[in-house]
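Novice: The following block contains the structure, expressed as structure tokens.
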Amino acid sequence: MEYRKLGGTGLRVSVIGFGASPLGNEFGPADENEGQRAVHTAVREGINFFDVSPYYGRTLAETRLGKALAGRRDQVILATKCGRYGKTVEECDYSADSITRSLEESLRRLQTDHVDLLQVHDVEMVADPKQIVQQTIPALRKLQKAGKARFIGITGLPLKLLNWIASQAPVDTILSFCRYNLMVDDLDELLTPLCRKQNIGLINASPLHMRVLTEKGAPDWHPAAPQVLQAGRQVAAACREAEADVALVALRYCLDHPYASTTLVGMSKQAHVEQNLRALEYRNDPALLQKIAQIVAPVKNQLWTQGRQSNNDPDWTAPQ
């Protein structure tokens, strides 16, 4: 396993991170026993960064991960989130009181007395971004001082909003998803420079573009436009023709990012872990990457919006 520094935290995280959302049935029913085997295999093979949220499976993922990590907690860097608890903006709460209660509940489910990283989940769901700066992050810092969380961070889809928040209130990490992979790469334009400048740990999630870049393809609920999903199928076909696994190609591409500390991949089966570990020794064929780039070009960096429209990149303006 390869490990990298997570910004200025002093933590060294595995380049492949365990995304625990599938443990909460977010991508379909997941067998709890198989999920435990996946977690145990990951720890044994050196994956030490585990990321979860009360939102995943509406607390189910945290509960299952807590059980699976029993007796192994000291071997991992455990991250969870707060603020988002449902699919709609009305089900999110970024107030200080809610954040404090949320972490206490998460700690019980995770069977631990602290997390290594506490993150504001999907900041684009908030009604007023100034609340994140003025209330949410100060609440996280209080929890940090109380020993409940070693470090704090923010997560989300819109890069301009993440950039603005981190410019207004110091954070230790930023988790960005679906903004750096074979389909989208504007992360380096809109966020990576800030992370480098401020020594913020950068966590890249969804290297498979929420399963667009897999043989099975995207789930029915995927928010991408039809032409993006079609391009994903064409990329998979090109990899198949080259006798390469599209998921392996996509993951390796993300592991090669020069600054991101870890790449989070969703896993719920032992086979998922074993497959992803293959990426450590895999090297992409430049000719295949060039062909993929040609396929993707017509839809490159085409994304969807999430949360409140005004918080998303196309409509974002900094609060006065």
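Novice: Using a 1.4 Å probe on the protein chains only, how many percent of the accessible area of the stretch 1-158 belongs to carbon and sulfur?
Specialist: 44
Novice: Further question on the same structure: Once you charge only the Cβ atoms, +1 for Lys and Arg and -1 for Asp and Glu, what is the size of the charge dipole of the stretch 43-185 about its Cα centre, to the nearest 20 debye?
Specialist: With Lys and Arg at +1 and Asp and Glu at -1, about 320 debye.
Novice: Return the long-range amide H neighbours of T262 (sequence gap of 5 or more, or a different chain), with a cut-off of under 5 Å between placed amide H atoms.
Specialist: N204
Novice: Now, a different point. How large is the charge dipole for the stretch 11-115, taken about the Cα centre, if only the Cβ atoms of Lys, Arg (+1) and Asp, Glu (-1) carry charge, to the nearest 20 debye?
Specialist: 280
Novice: To the nearest 20 Debye, how big is the dipole of the chain about its Cα centre, given +1 on the beta carbon of each Lys and Arg and -1 on that of each Asp and Glu?
Specialist: 640
Novice: Give the long-range amide H neighbours of I77: residues separated by 5 or more places, or on another chain, with amide H under 5 Å away, using H modelled in the peptide plane at 1.01 Å from N.
Specialist: F49, F50
Novice: Would you pull out the residues with amide H under 5 Å of I152's amide H, same chain only if 5 or more places away, H placed 1.01 Å from N?
Specialist: It is L118, D172, T173, by chain and number.
Novice: Same structure again: What are the ³J(HN,Hα) values, in whole Hz, obtained from phi via the Karplus relation 6.51 cos²θ - 1.76 cosθ + 1.60 with θ = phi - 60°, for each residue of the stretch 272-289 in sequence order, with x given for Gly and Pro?
Specialist: 4, 4, 4, 5, 5, 5, 4, 5, 4, 9, 7, 10, 6, 7, x, 5, 5, 4
Novice: What number comes out for accessible area per residue over the chain if the probe is 1.4 Å? Units Å², please.
Specialist: Ligands and nucleic acids excluded, the figure is 42 Å² per residue.
Novice: With unit charges on the beta carbons (Lys and Arg positive, Asp and Glu negative) and the dipole taken about the Cα centre of the stretch 191-320, which residue among A224, A244, I295 sits farthest to the positive side?
Specialist: Positive-end residue among those listed: A224.
Novice: How large is the accessible surface of H40 in square angstrom, using a 1.4 angstrom probe and rounding to the nearest 10?
Specialist: Accessible surface of H40 is approximately 50 Å².
Novice: Quick one: Karplus J couplings for the stretch 158-166, per residue in order, coefficients 6.51, -1.76, 1.60, θ = phi - 60°, nearest Hz, x for Gly and Pro?
Specialist: Working through the residues one at a time gives x, 6, 5, 5, 4, 4, 5, 4, 5 Hz.
Novice: Determine, for the chain, the count of lysine pairs separated by eight or more sequence positions (or lying on different chains) whose alpha-carbon distance falls under 17 Å.
Specialist: Step by step, the pairs that qualify in the chain add up to 8.
Novice: Please list 226-238, 47-59 highest first by mean number of surrounding beta-carbon atoms within 10 Å per residue.
Specialist: Most protected by this proxy first, the peptides run 47-59, 226-238.
Novice: Of (1) 5, 19, 25, 20, 10, 5, 4, 4, 4, 3, 1, 0; (2) 6, 28, 37, 23, 5, 0; (3) 6, 26, 34, 23, 9, 2, 0, which is the value of P(r) over Cα pairs in 10 Å bins from 0, in percent derived from the coordinates here?
Specialist: Structure-derived value, by its label: (2).
Novice: Rounded to the nearest 5, what is the percent of antiparallel bridges among the DSSP beta bridges in the chain?
Specialist: Approximately 10 percent, going by the DSSP bridge assignments.
Novice: Let me have the 222 nm mean residue ellipticity of the chain computed from DSSP H runs of 4+ only, each contributing -39500 (n - 2.57), with the sum over all residues rounded to the nearest 500.
Specialist: That comes out to -10500 deg cm²/dmol.
Novice: Using the Karplus curve 6.51 cos²θ - 1.76 cosθ + 1.60 with θ = phi - 60°, what ³J(HN,Hα) values do you get for each residue of the stretch 241-255, in whole Hz, with x for Gly and Pro?
Specialist: 4, 8, 6, 10, 8, 4, 5, 5, 4, 5, 5, 4, 4, 6, 5
The values are calculated or read from the model by the stated rules, or taken from the named source; none is laboratory data. All of these numbers come straight from a predicted model, not from anything done at the bench. All Cβ positions, glycine included, derive from the backbone under ideal geometry; neighbour counts span all protein chains shown. Side chains are part of the model used for accessible areas, which takes the heavy atoms of the whole protein and leaves out ligands, DNA and RNA. Shrake-Rupley method; radii C 1.70, N 1.55, O 1.52, S 1.80 Å.
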